[in-house]
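Working notes, beginning with the structure itself.
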Amino acid sequence: MSKSNKHQKQDASFVKKTPNQANRVESAAVVETETPGRFNYLLYPFLLFIFSFFIYKNTFEHRFVLDDHGIIKNNKITKAPMSWENTKTIFSTPLRKGDFSDLENSLYRPFTKLVFNWEWNQFNGDPHSFHKVNVFFFALTVLFIFFIFYDVFKKKWLVPFFIAALFAAHPIHTEVVANVKSLDEILSMLGILIAIRCMQLYISKEKIIYVILAIAGYLIASFSKESTVVAVAIIPLFIYFFTKASIQKNAIISGVIFVCSLFFLFARHQTLSGYPPAGKTSPLDNYIVLCNPAEQKFLPLDLQEKYKNSNQFASAVNTLGEYVKKFVYPKTLSCDYSYSTLEPVGFNDPGFLAAFLFFGALFGFALWKLKSKQAIAFGILWFFVSMSITSNVFMLIGTSFGDRLLFVPSLGLTIVVVLALAHFFKKEEGEGFFGEIKTAPVMVAILLISTALYSFKTIDRNKDWETDYQLFSTDVENYPNSTHLLFYMGNHLSSTERKEVLTYKMAPLGYTSQQINDSSLKENARSIYYLSKALSIYPALPSDGYNQLGKAYFNLGNLDSAKVYYKKAYNEDSTNAIFINNLGTGFYVSGQNFVKKGREYQAVGKMDSAQYAYNLGLQNILESNKYFMKAYSKDTTEADFANNVGCVYGDTQRPDSAIYWFAKANKADSLDMTSLQYLDMTYRNKGDVQMADYYKAKLEQVKYIRAQTMNQ
């Protein structure tokens with residue numbers, strides 16, 4: 001085939017045809033071209049890989065945030081030494097199993113958790129290394145996008161390069177890359193792309209090894225995230241659009257992928273069937289639930305009137321429109337868009353009508369171009385298929401909107417954008433690097449500017465994911481009526497971690513313990529403000545929200561209010577060891593207060609009142625031990641629970657039993673400072689100075705280690 005003929009046969013999906021080309025349009029899959037030099041073949045992937053690393057480099061010093069705590073940092077299964085037994089545990093339990101708040105049993109992503117388990121042991125829990133791994137896998141994903149479409153567009157670099165570059169730069173992906181937990185999204189997409197690439201190579205080279213690799217990639221994707229199942233439709237569509245495979249061969253390949261999906265679904269069912277089914281979705285998680293009149297009864301009358309004509313389909317389509325808006329103009333991003341950031345709508349809502357007409361036209365266009373196998377139609381269908389499972393259009397899921405949910409679908413939109421620009425501004429094909437650019441200078445300029453602007457936004461947004469406080473405080477300022485954001489902010493401000501952060505930041509600057517404590521109390525007051533505001537928007541909190549509200553009041557010394565909210569949390573979930581323990585703490589501190597009052601009465605000679613207060617104090621302290629022991633029975637690996645039992649024995653003058661429980665706590669967590677402090681104190685009170693000094697020295701070592709950890 002001559003060079004002039006090659007120039008005449010271009011893919012109809014993105015190049016305008018001259019009159020003499022009109023009758024010679026062929027599918028991109030059947031056009032033959034010369035193979036480019038190895039330098040050109042490696043140059044563009046290398047640039048994309050470096051580019052992907054560069055825009056996310058400022059995440060390398062970030063800490064664990066958001067769901068990272070429950071799935072990685074505080075998860076005992078993730079943190080366990082790597083072993084065959086622990087691997088079996090990972091593959092036979094839900095994702096969140098191993099965390100104290102592991103009530104959510106609907107997620108099954110064992111491969112992702114296995115990777116986290118390896119990382120924890122490999123990097124000794126260093127969050128910075130976790131972030132580097134996320135960026136590495138993201139960069140690999142970008143490479144596979146390029147390689148796949150480089151073949152699709154016949155070794156012409158311009159269109160595939162900008163599809164990959166625009167995808168890499170887009171700010172909507174910051175949540176996925178900058179949040180370690182969202183490695184599940186990256187592994188899912190990477191596995192799908194590996195499967196597509198290997199099937200692409202199998203069809204062109206007829207080597208069975210590529211089928212085996214495709215199956216491996218797809219299984220990795222499936223066991224990384226459930227939504228991978230959408231690929232059972234995406235892969236046959238790709239084969240139809242971009243390969244020479246016959247219908248029969250496509251059916252066989254697609255059948256193999258389908259069987260892999262069935263295998264995953266069977267494994268998931270076998271694993272999760274032994275756990276309690278998921279409870280009904282809360283409006284705090286998915287505002288579309290409020291389309292149900294039964295859920296509206298908890299709202300004020302004016303909102304009930306406002307939402308009475310709302311509809312799940314209309315609200316879901318309207319939300320789908322919000323995704324496209326975020327893709328086009330990602331000015332303000334958030335880790336959460338819960339009620340009342342987004343609200344239910346009806347069929348008469350302008351947002352629904354605009355979105356419905358837009359998506360209807362887009363889908364109609366894709367069907368129109370389906371027969372001619374135009375690549376832009378594939379991009380549209382990729383978006384619809386991959387978005388279907390999380391759109392809430394066909395079924396309600398546990399969340400209504402999230403940047404991370406657009407990670408896979410956004411590739412379809414990226415394909416559409418680049419190919420639309422190519423259609424209008426790319427008139428012919430060129431040879432080599434500069435030859436390609438000369439054929440579409442306007443297109444290149446638009447995409448370069450867009451990629452640059454998106455890159456700056458991505459780098460800037462990455463900074464918000466550095467810490468929980470930075471993330472929540474930034475996002476709640478942009479979305480002040482998001483109930484979940486208010487809940488997250490309130491939870492964090494009253495957390496032990498927040499106090500530790502304040503301590504390690506303020507102490508080196510010369511602040512006294514009292515000043516640090518005062519700052520911590522102010523944070524607890526802010527916690528109450530945020531949690532109370534969440535309650536004012538929707539009159540309920542997740543059980544952990546009540547627990548943290550109780551903790552904030554407890555830290556401020558308002559014991560009565562603390563016990564009220566601890567009780568609410570316990571009533572919501574009487575199996576949660578943290579809630580059980582905190583309710584016990586309420587009784588314990590009440591008992592201590594009565595004992596203190598008894599001493600005051602005794603000092604002024606009111607012996608009857610003193611004895612009465614002592615008795616009440618003892619009753620409350622003994623009552624607290626019932627809860628402490630119950631909490632410990634739920635989780636024998638939590639140092640706090642054992643410490644609290646030890647405190648009860650210490651207060652009731654049984655030092656040997658107290659030492660026994662403090663030692664248990666220290667064995668459960670060798671970096672727990674409380675157990676070491678109490679062991680030092682108890683041995684010293686017994687007169688065993690040698691043992692007391694031993695634990696005092698250990699305490700100083702642990703303080704140093706924890707300080708180093710806080711600086712990571």
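Looking for something more than 27 Å from residue 327 (Cβ to Cβ) and either under 30 Å from the mean Cα position of the chain (by Cα) or among the small types (Gly, Ala, Ser) (or both) - is there at least one such residue anywhere in segment 447-458? There is no residue in segment 447-458 that is more than 27 Å from residue 327 (Cβ to Cβ) and either under 30 Å from the mean Cα position of the chain (by Cα) or among the small types (Gly, Ala, Ser) (or both). Of all residues in segment 73-121, those satisfying the criterion of being among the charged types (D, E, K, R), part of a loop (DSSP other than H, G, I, E, B) and crowded, with 18+ Cβ neighbours inside 10 Å are 96, 102, 109.
For (1) small (Gly, Ala, Ser); (2) without any contact (Cβ under 8 Å) to a residue 60 or more places away in the chain; (3) in contact with a helix residue (DSSP H, G or I) (Cβ under 8 Å, 6 or more places away or on another chain), each residue gets a yes or a no:
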| site | (1), (2), (3) |
| --- | --- |
| 477 | no, yes, no |
| 485 | no, no, yes |
| 492 | no, yes, yes |
| 500 | no, no, yes |
| 505 | no, yes, no |
| 515 | no, yes, yes |
| 518 | no, yes, no |
| 523 | no, yes, yes |
| 528 | no, yes, yes |
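Only residues that are farther than 15 Å from residue 582 by Cα and in a helix (DSSP H, G or I) were counted in segment 629-658, giving 8. In segment 661-676, the residues that are closer than 20 Å to residue 651 by Cβ reach residues that are assigned to a loop (DSSP other than H, G, I, E, B) with C-beta atoms within less than 9 angstrom, at least six apart or across chains, in these pairs: 664/636; 665/638; 665/672; 666/672; 675/669. Filtering segment 367-380 for residues that are within 21 Å of residue 318 (Cα to Cα) and in contact (Cβ under 8 Å) with a residue 60 or more places away in the chain leaves an empty set.
Assigned to a helix (DSSP H, G or I) and in contact (Cβ under 8 Å) with a residue 60 or more places away in the chain, is that true of residue 55? So residue 55 passes the test. Does segment 284-303 contain at least one residue that is surrounded by 14 or more Cβ atoms within 10 Å (Cβ to Cβ), more than 22 Å from residue 484 (Cβ to Cβ) and modelled with pLDDT of 85 or more? No; the residues of segment 284-303 include none that is surrounded by 14 or more Cβ atoms within 10 Å (Cβ to Cβ), more than 22 Å from residue 484 (Cβ to Cβ) and modelled with pLDDT of 85 or more. Condition check: touching a residue at least 60 places away in the same chain (Cβ under 8 Å) and either of a type in the set (Asp, Glu) or assigned to a helix (DSSP H, G or I) (or both). Does residue 212 satisfy that? It is false that residue 212 is touching a residue at least 60 places away in the same chain (Cβ under 8 Å) and either of a type in the set (Asp, Glu) or assigned to a helix (DSSP H, G or I) (or both).
Residue by residue, here is whether (1) of a type in the set (Asp, Glu); (2) at pLDDT 90 or above; (3) surrounded by fewer than 16 Cβ atoms within 10 Å (Cβ to Cβ); (4) part of a helix (DSSP H, G or I) holds:
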{"residue": "615", "(1), (2), (3), (4)": "no, yes, yes, yes"}
{"residue": "627", "(1), (2), (3), (4)": "no, yes, no, yes"}
{"residue": "660", "(1), (2), (3), (4)": "no, yes, yes, yes"}
{"residue": "705", "(1), (2), (3), (4)": "no, no, yes, yes"}
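One residue alone among 168, 139 is in contact with a Ser or Thr (Cβ under 8 Å, 6 or more places away or on another chain), aliphatic (A, V, I, L, M), surrounded by fewer than 24 Cβ atoms within 10 Å (Cβ to Cβ) and assigned to a helix (DSSP H, G or I), and that residue is 139.
Counting only helices (runs of 4 or more DSSP H) that sit wholly inside segment 309-402, those with at least 1 residues that are crowded, with 22+ Cβ neighbours inside 10 Å and within 26 Å of the chain's Cα centre (by Cα) are 312-328, 375-388. One residue stands out in segment 236-277 among those that are assigned to a loop (DSSP other than H, G, I, E, B), of a type in the set (Gly, Ala, Ser) and within 15 Å of residue 202 (Cβ to Cβ): the one that is nearest to the chain's Cα centre (by Cα), namely 245. Just checking, does segment 222-232 include any residue being of a type in the set (Asp, Glu), part of a helix (DSSP H, G or I) and surrounded by 22 or more Cβ atoms within 10 Å (Cβ to Cβ)? Checked against the condition, which is being of a type in the set (Asp, Glu), part of a helix (DSSP H, G or I) and surrounded by 22 or more Cβ atoms within 10 Å (Cβ to Cβ), segment 222-232 yields no hits at all.
Answer yes if at least one residue in segment 437-454 is part of a helix (DSSP H, G or I), under 30 Å from residue 228 (Cβ atoms) and among the hydrophobic types (A, V, I, L, M, F, W, C), and no otherwise.
Within segment 437-454 (the criterion being part of a helix (DSSP H, G or I), under 30 Å from residue 228 (Cβ atoms) and among the hydrophobic types (A, V, I, L, M, F, W, C)), the answer is yes, since at least one residue qualifies.
Could you please find all residues in segment 148-207 being over 17 Å from residue 137 (Cα atoms) and among the polar types (S, T, N, Q)? Within segment 148-207, 200, 204 qualify. Among the candidates 683, 627, 649, 612, the residue that is aromatic (Phe, Trp, Tyr), in contact (Cβ under 8 Å) with a residue 24 or more places away in the chain and more than 22 Å from residue 570 (Cβ to Cβ) is uniquely 683.
The values are calculated or read from the model by the stated rules, or taken from the named source; none is laboratory data. For clarity, every value in this text was computed on a predicted model and none was experimentally measured. FYI the Cβ positions are ideal-geometry reconstructions off the backbone, even for glycines, and counts take in every protein chain you see.
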